[in-house]
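Below is one structure, written out as structure tokens; comments come after it.
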Amino acid sequence: MRINALVIRIIRQMRRDKRTLALLFLAPLLVLSLMYLIFDSSETESTITITGGSTQLTEQLEKADFNVTSVEQFSTEEMKEKNEHAWLNVDKQKMELTLLNDDPSQAKKVQMQLGNMLSTEKNGPGISANYVYGDKDTKIFDTFSPMLIGFFVFFFVFLIAGISLLKERTSGTLERLMATPIKRYEIIAGYLVGFGIFAFIQTIIIVFYSIYVLDIVHLGSIWLVILTNILIALVALSLGTLLSSFAVSEFQMMQFIPLVIVPQIFFTGIFPMEGMAGWLQSLGKIMPLFYASDALKGVMYKGFTFQDIAVDLLILLIFAALFIVLNIVALRKYRSF
């Protein structure tokens, strides 16, 4: 009988906790659906620009499943701007292949396609390969690692900030503060600066450990890497404190992870977005980690400067400002003045 009573009590508690029930039954379906749509996306078609080639060569490339553009002149700068996978320059009996190598797996796919095509020709022309980013030994992890740094900064700052502010509320500290003449924006500013100090220290440790201990690829300025990660931490900090106002326990705070954090992983660039449906790509562009990963990969793997990532940094700053304003608004439910 005592076991039955305990079971009945748990069932009643779960029935009253609508958020937990939604997480239990709906969140897995949401994440699985998102994974299905992403992994079911069409394979990215290899794009190649050809200069000096014949009509016959262009037709052969098209038969080899390339999306071919034939022009008289081309450059690596144009490759970067157009995000062209490859550039094939034909000069008499010599072919020079330039690979963007933004995605090493895509670069290897292009080489394999060209190799298969040329192997069918007797006495085919020789071909040499150059790389815009990285080299022939570049591994796929070299392009992922900058994104992982940003993700871990975002994840841990989000979690620690959210749970810490939640403890302030459940312990009654926040309510006592709200009973004083202090303004709502002053409370938010105080919490952001207070938690931000530790978030800043954590960010510095992660960045320096990743670059100087793990020897993760790093071509650009380390100060840009730090600046980008500080903005990521600020976004995570403001988002974590915002969502903590909707949770009444640490368990409920943890429930936001599969709904807020996990979906963003799919749009950091770990999975190619080019082959995704248009609405999925648009969905990814409203997520902070999309811009954070783009900036970090640009600086660390491609050697981008501040001007190259300025738009990404500005958007991250806008996200942080928006979440901070929403934090101030959210405090209204604790005090009406």
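Those helices (runs of 4 or more DSSP H) of the stretch 131-249 in which 2 or more residues are in contact with a Cys (Cβ under 7 Å, 6 or more places away or on another chain), among the hydroxyl-bearing types (Ser, Thr, Tyr) and open to solvent by less than 80 Å² (accessible area, probe 1.4 Å) are absent. Pairing each residue of the stretch 151-177 that is farther than 30 Å from Thr268 by Cβ and of a type in the set (A, V, I, L, M, F, W, C) with any residue that is part of a helix (DSSP H, G or I) and modelled with pLDDT under 75, provided the two are 6+ apart or on different chains, yields C-beta distances under 7 Å for Leu174/Glu168.
Being at pLDDT below 75, hydrophobic (A, V, I, L, M, F, W, C), more than 24 Å from Asp102 (Cα to Cα) and open to solvent by less than 30 Å² (accessible area, probe 1.4 Å) holds for only one residue in Ala22, Ala27, and it is Ala27. Filtering the stretch 244-260 to residues that are out of contact with any Ser or Thr (no Cβ under 7 Å at 6 or more places or on another chain) and closer than 13 Å to Ile160 by Cβ leaves Ser244, Glu250, Met254, Ile257.
Just for the stretch 89-107: of the residues that are within 19 Å of Gly134 (Cβ to Cβ) and in contact with a strand residue (DSSP E or B) (Cβ under 6 Å, 6 or more places away or on another chain), which one is surrounded by the fewest Cβ atoms within 10 Å (Cβ to Cβ)? Only one residue tops the list, namely Glu96. None of Phe152, Phe141, Phe158 is at pLDDT 85 or above and within 30 Å of His85 (Cα to Cα) except Phe152.
If only residues of the stretch 180-202 that are small (Gly, Ala, Ser) and in contact (Cβ under 8 Å) with a residue 40 or more places away in the chain are counted, the one that is nearest to Ala292 (Cα to Cα) is Ala199.
Pairs meeting the criteria (first residue in the stretch 79-106 and in contact (Cβ under 8 Å) with a residue 40 or more places away in the chain and over 20 Å from Asp142 (Cα atoms), second residue in a strand (DSSP E or B) and among the hydrophobic types (A, V, I, L, M, F, W, C), beta carbons under 8 Å, at least 6 apart or on different chains) are Met79/Trp87; Leu88/Ile48; Leu88/Ile50; Leu88/Met95; Leu88/Leu97; Val90/Ile50. Taking the criterion of being of a type in the set (A, V, I, L, M, F, W, C) and over 24 Å from Phe319 (Cβ atoms), the residues of the stretch 175-196 that qualify are Leu177, Met178, Ala179, Ile182. A search for C-beta distances below 7 Å between a residue of the stretch 239-255 that is touching a residue at least 12 places away in the same chain (Cβ under 8 Å) and any residue that is outside any helix (DSSP H, G or I), counting only pairs 6+ apart in sequence or on different chains, returns Met253/Ala247.
Condition check ((1) at pLDDT 85 or above; (2) within 18 Å of Lys167 (Cβ to Cβ); (3) out of contact with any helix residue (DSSP H, G or I) (no Cβ under 6 Å at 6 or more places or on another chain)) across all residues:
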| site | (1), (2), (3) |
| --- | --- |
| Tyr185 | no, no, no |
| Phe195 | no, yes, no |
| Ile205 | yes, no, yes |
| Tyr209 | yes, no, yes |
| Asp215 | no, no, yes |
| Ser221 | yes, no, yes |
| Gly240 | yes, yes, no |
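Quick grid of which residues meet (1) at pLDDT below 85; (2) of a type outside the set (Val, Ile, Thr):
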| residue | (1), (2) |
| --- | --- |
| Leu227 | no, yes |
| Leu234 | no, yes |
| Met253 | yes, yes |
| Ile265 | yes, no |
| Met273 | yes, yes |
| Met276 | yes, yes |
| Gln281 | yes, yes |
| Ala321 | no, yes |
| Leu326 | no, yes |
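The values are calculated or read from the model by the stated rules, or taken from the named source; none is laboratory data. These numbers come from a predicted model, not from an experiment. Every residue, glycine as well, gets a Cβ built from its backbone with ideal geometry; the counts of neighbours run over all protein chains shown. For the accessible areas, the whole protein counts, side chains as well, though only heavy atoms, and no ligand, DNA or RNA atoms are used. Shrake-Rupley method; radii C 1.70, N 1.55, O 1.52, S 1.80 Å.
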